[in-house]
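Structure first, commentary second.
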Amino acid sequence: MLTLECPYCGVKACETELSPGYEAHLKRFGPGSTPEEFEAYMFARKNPKGVHFERWRHTYGCGKWFLAARCTATLEVFGTYPAQVSGPPPEIIAKIQARRPGWTPDGKATA
Amino acid sequence: MKRYSVFAIAREALRHHMGWERAWASPEPKASYDAIIVGAGGHGLATAYYLGKNFGITNVAILEKGWLGGGNTGRNTTIIRSNYLQDPSAAIYEKSRSLYETLSQDLNYNVMFSPRGVMMLAQTHHEVRGYLRTAHANALQGVATEFITPARVKELCPILNIDGPRYPVLGALWQARGGTGRHDAVAWGYARACSAMGMHIIQNCEVKGVRSENGVVTGVDTTKGYIGTKKLGMVVAGHSGQLAEMAGFRLPIEAVALQALVSEPIKPCMDVVVMANTVHGYMSQSDKGEMVIGGGTDGFNNYTQRGSFHHIEETLRALVETFPMLSRLKMLRQWGGIVDMTGDRSPLISKTPLGNCFINCGWGTGGFKAIPGSGWAMAELMAKGEPGPLAEAFNMWRFKEGQFIDESVAAGVAH
Ligand SMILES: Cc1cc2nc3c(=O)[nH]c(=O)nc-3n(C[C@H](O)[C@H](O)[C@H](O)COP(=O)(O)OP(=O)(O)OC[C@H]3O[C@@H](n4cnc5c(N)ncnc54)[C@H](O)[C@@H]3O)c2cc1C
Ligand SMILES: [Zn+2]
């Protein structure tokens with residue numbers, strides 16, 4: 001059972017209280033974009049075995065979307081943070097690097 | 001390879017069963033092969049088998065990081081059916097189902113194909129409409145399937161409660177020649193036949209990197225060293241994203257956990273397969289008497305082969321209403337597999353951006369039924385370098401072009 005702390009209301013919520021929203025920090029493409037851009041945005045999602053950034057919604061709590069940094073190979077949670085950012089904040093990156101030496105935020109997982 | 005037969009059993013019975021051979025050999029890898037298949041699951045082994053059988057290519061190695069058949073092939077609930085909605089799906093799944101009919105004879109290995117009938121319950125009006133549409137599509141595709149009434153459902157499966165109240169049974173899509181098979185035996189049967197053709201099955205050999213020159217694959221780095229190859233087939237289900245990354249491209253695939261469980265063994269009580277897609281539950285009874293139950297997938301990327309507990313609870317809660325007798329059963333074992341999900345819930349059998357490198361994946365929650373047909377189509381793709389009619393529509397570029405083979409609309413899941 002996955003437990004994530006909602007960064008807004010501080011509740012430690014188990015996954016039955018949350019809705020998953022898959023990859024975080026997606027760059028959205030709209031009208032006028034190329035087929036390659038649409039494909040990358042809509043289908044070619046990151047699928048790392050290791051560190052991953054995700055969207056979650058505190059559905060049966062405050063109702064807000066937040067983001068989480070998690071390891072898909074061990075289910076370890078590195079931290080959660082509010083959704084109003086375009087990339088993972090430095091303190092989350094530091095937490096991940098403390099646990100996964102050599103990991104870099106450009107999507108390359110070493111776990 | 002000595003053939004299995006009634007005479008072999010009699011012969012061995014007279015000499016204390018001392019003459020049975022190993023089913024397949026475990027050689028050390030050679031320096032290079034004409035073709036390498038990564039992944040000794042059902043799809044990888046079937047690909048190798050049809051490369052040899054249909055195209056005479058036998059200088060082949062199948063590399064497996066764990067043990068043969070230990071991935072999803074050995075973890076699934078073995079439902080075999082072919083009543084899909086879209087034409088390309090119906091074609092490949094029906095090819096596969098029909099190959100299953102004679103697979104035991106073909107491989108000289110009992111894969112225990114049991115065409116006992118598969119029933120997909122319609123428990124909402126939306127599902128009734130969806131399955132009626134599928135039944136009509138199947139009639140045009142030449143797939144034998146029919147929509148049956150609740151009374152017929154009850155007759156075919158008396159332990160089913162069709163009255164609800166939450167999930168009343170409004171009818172069902174019934175495929176009389178669908179059924180189950182023995183998952184391990186499918187992998188073992190193909191492995192034995194591949195080994196007999198001189199192919200190398202190399203277990204405990206993980207592929208760590210893919211090497212290429214001028215955009216064409218040349219070999220793979222493995223835990224047993226570098227192995228060269230003219231052609232590479234990646235058939236690793238949940239780990240396809242990893243292999244694609246090694247080969248320098250990204251796939252429209254996400255890996256999530258899917259779980260199943262079995263009950264204690266009981267007397268025979270159910271001789272068909274029942275799927276209840278509204279509640280994400282499906283069930284059949286194994287030859288040992290266990291009720292084999294499959295559930296829904298988790299909603300997040302996961303490589304741990306462990307699913308979330310609440311899915312089991314939800315599946316069983318819903319199934320208990322449809323099968324009231326389940327409430328007294330003890331569940332014995334639960335496990336998970338990592339399934340490879342595409343955006344349209346259809347597989348990829350495709351060339352890739354890397355020359356002579358081919359991919360077969362995306363079977364997600366429903367690829368056991370597809371093993372023979374998928375291997376057949378993948379072998380043709382690898383042998384000729386171009387897809388045949390079965391594989392053509394399943395290319396990886398369909399997402400860019402919007403040419404989806406959408407199997408997710410009708411039921412939400414496909415097993
Ligand atoms: C719980 C569950 C229930 C299911 N129920 C059904 C069902 O009822 N009906 C149905 O049709 N389908 C079902 N499926 C789906 C079905 O199991 C799969 O689609 C199918 O088995 C996939 O076969 P495969 O050969 O592609 O993959 P796998 O059997 O997973 O084989 C892939 C192999 O690749 C190996 N591998 C991975 N990475 C590497 C590497 N780097 N180097 C070397 N080897 C590697 C793995 O160890 C593995 O053995 C179910 C799946 C699950 C998990
Ligand atoms: Zn909250």
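Shielding value for B:298-307 is 6, the average number of Cβ atoms from other chains within 10 Å of each residue's Cβ. The apolar share of the surface of segment A:3-99, taken as the fraction of accessible area on carbon and sulfur atoms (1.4 Å probe, ligands and nucleic acids excluded), comes to 55 percent. Within the accessible area of chain B, the carbon and sulfur atoms contribute 53%, probe 1.4 Å, all protein chains present. Working note: Karplus 6.51/-1.76/1.60 with θ = phi - 60° gives segment B:237-249 the couplings 6, x, 9, 4, x, 4, 5, 4, 4, 4, 8, x, 9 Hz, where Gly and Pro are set to x. When shorter helices are ignored and each DSSP H run of at least 4 residues is given -39500 (n - 2.57), the per-residue value for chain B at 222 nm works out to -9000 deg cm²/dmol.
Spread over its residues, the convex hull of the C-alpha atoms of segment B:275-375 is 141 Å³ per residue. Distance from the Cα centroid of segment A:1-79 to that of segment B:99-158 is 37 Å (rounded to whole angstrom).
Phi angles across segment A:69-86 convert, under the Karplus curve 6.51 cos²θ - 1.76 cosθ + 1.60 with θ = phi - 60°, into 3J(HN,Hα) values of 10, 9, 9, 7, 8, 10, 6, 5, 9, 8, x, 10, 7, x, 7, 7, 9, 9 Hz, Gly and Pro given as x. Scalar couplings 3J(HN,Hα) for segment B:125-139, obtained by applying the Karplus form with A = 6.51, B = -1.76, C = 1.60 to θ = phi - 60°, are 5, 4, 5, 4, 4, x, 6, 4, 4, 4, 4, 5, 4, 4, 4 Hz; x denotes Gly and Pro. Heavy-atom accessible surface of the protein assembly as shown, averaged per residue, reaches 42 Å², computed with a 1.4 Å probe. Less than 5 angstrom separates the built amide H of B:Gly355 from those of B:Val216, B:Val217, all sequence-distant by 5 or more or on a different chain. For the protein assembly as shown, taking the reciprocal of the average inverse distance between every pair of different Cα atoms yields a Kirkwood hydrodynamic radius of 24.3 Å. Taken residue by residue and averaged, Cβ atoms of other chains lying within 10 Å of the Cβ of A:21-30 number 1. Excluding ligands, DNA and RNA and using a 1.4 Å probe, chains A and B jointly bury around 2300 Å² of accessible surface, summed across both partners. So the label point goes 7 Å from the Cα of B:Val216 along Cα→C-beta, right? Which residues of segment B:3-40 then have their backbone N under 19 Å from it? Answer for this model: B:32-37. Taking amide H atoms as placed 1.01 Å from N in the peptide plane, the amide H of B:Thr222 lies under 5 Å from those of B:Lys208, B:Ile227, each 5 or more residues away in sequence or on another chain. Please report the projected area of segment B:217-303's Cα convex hull averaged over all directions, in nm². With the hull built on Cα positions only, its mean projection is 9.2 nm². Per the Debye calculation on segment A:3-99 with a single equal scatterer at every Cα and no solvent contribution, log₁₀ I(q)/I(0) for q = 0.10 Å⁻¹ amounts to -0.29. Here is how the number arises for chain A: DSSP H runs of 4 or more residues each give -39500 (n - 2.57), the sum is divided by the residue count, and the result at 222 nm is -4500 deg cm²/dmol. Checking every one of the chymotrypsin sites (Phe, Trp or Tyr not before Pro) in segment B:54-102 against DSSP loop status and a limit of 13 other Cβ atoms within 10 Å picks out B:Trp67. Relative to the dominant Cα principal axis of chain B, helix B:371-384 is inclined by about 30°. Would you mind pulling out the separation of the Cα centroids of segment B:221-239 and segment B:318-335, in Å? So the two Cα centres are separated by 41 Å. Under the combined filter of DSSP loop state and at most 11 neighbouring Cβ atoms within 10 Å, segment B:141-193 retains these trypsin sites (Lys or Arg not before Pro): B:Arg166.
Close amide H partners of B:Cys205, meaning residues 5 or more places away or on another chain with modelled amide H under 5 Å apart, are B:Glu64, B:Lys65, B:Gly66.
The values are calculated or read from the model by the stated rules, or taken from the named source; none is laboratory data. Keep in mind it's a predicted model, so treat the numbers as computed, not measured. Here the Cβ is made from the backbone with ideal geometry for all residues, glycine too, and neighbour counts use every protein chain on show. The area values use the complete protein model at the heavy-atom level, side chains included, leaving out ligands, DNA and RNA. Shrake-Rupley method; radii C 1.70, N 1.55, O 1.52, S 1.80 Å.
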